[in-house]
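Data first, discussion second: the structure below is written as structure tokens.
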Amino acid sequence: MGRKIFISYKYADSDVRHIKGEDWETNTVRDYVDELQEILGESNQINKGESDGEDLSQLSEETIWKKLKDRIYDSTLTIVLISKNMKDIFKTEKNQWIPREISYSLKETSHTDSSGNSVTSKTNAMLAIVIPDRNDSYSYYTYKNTCCDTKCRTLLTNTLFSILQKNMFNIKSPDKDDCESGSTIYHGDSSYIPSVEWDTFINNIDTYIDKAYEIQDNIDNYNIYKEVN
């Protein structure tokens, strides 16, 4: 069954593994969006996020809301593409599209349907997909590690937008082990916004999308952060 999916990403980030075209051509995250749309197929209705590079600092709250409502309206799943240069360090988070798109995806919003009835949308299911950088590496965000004398996956959530970071490892009653080294291992579905590497995702798409909806069904188990700092 088709789903209505919104994709949030940094259009111009070119520090990504080459995925299409001639070897000498520069790829951007947008090429991964196009590939994702092709993989997901025509049965899914996909709306793409940040693409115009418009400066939010010049826009009113009302204008930003209208643009985001038009983009995110009626979607049930938001996919955030994590890429190496997704953050503009010279702008505040509230003046960047991705945090705003995540915020509005997480909020319950009201609108009027075609029959004139007021309808309140649910918080979207969420999924973060990590894009490999131009060196074919994910280590800028995630890498394999040893925690508590066992294998684990380390996530550098502190490198993300704060609204992403706060919605990871945010389950109210975590199943976790604290290691002597100071690291912590979380078990199970510990994040409302789980993350998965691109190569892992495309080999098992339905599993990860279904899991995002399963987590959404259990949203009361999580502390959801909806505002942009």
Of (1) under 20 Å from SER75 (Cβ atoms); (2) at pLDDT 95 or above, ILE171 satisfies all except one. Which? (1)
Could you tell me which of the residues ILE64, ILE72, ILE82, ILE46 is at pLDDT 85 or above and open to solvent by less than 60 Å² (accessible area, probe 1.4 Å)? ILE82
Here is a check on your reading of the model: is SER191 of a type outside the set (Val, Ile, Thr), without any contact (Cβ under 8 Å) to a residue 40 or more places away in the chain and open to solvent by less than 70 Å² (accessible area, probe 1.4 Å)? yes
Quick check on segment 104-122. Is at least one of its residues open to solvent by less than 70 Å² (accessible area, probe 1.4 Å), in a helix (DSSP H, G or I) and under 24 Å from GLU35 (Cβ atoms)? yes
Take segment 211-226 and flag every residue that is more than 15 Å from the chain's Cα centre (by Cα) and either open to solvent by 60 Å² or more (accessible area, probe 1.4 Å) or more than 30 Å from GLU61 (Cα to Cα) (or both). GLU214, ASP217, ASN218, ASP220, ASN221, ASN223
May I ask you to list pairs of residues, at least six apart or on different chains, whose Cβ atoms are under 7 Å apart, with the first in segment 72-94 being of a type in the set (D, E, K, R) and the second being not in a loop (DSSP other than H, G, I, E, B)? ASP74/LYS4; GLU93/PRO99; GLU93/SER162
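The values are calculated or read from the model by the stated rules, or taken from the named source; none is laboratory data. Small disclaimer: the values here were computed from a predicted structure and weren't measured. As a convention, Cβ positions derive from the backbone with ideal geometry for all residues, glycine included, and neighbour counts pool all protein chains shown. Areas reflect the complete protein model, heavy atoms only, side chains present, ligands, DNA and RNA absent. Shrake-Rupley method; radii C 1.70, N 1.55, O 1.52, S 1.80 Å.
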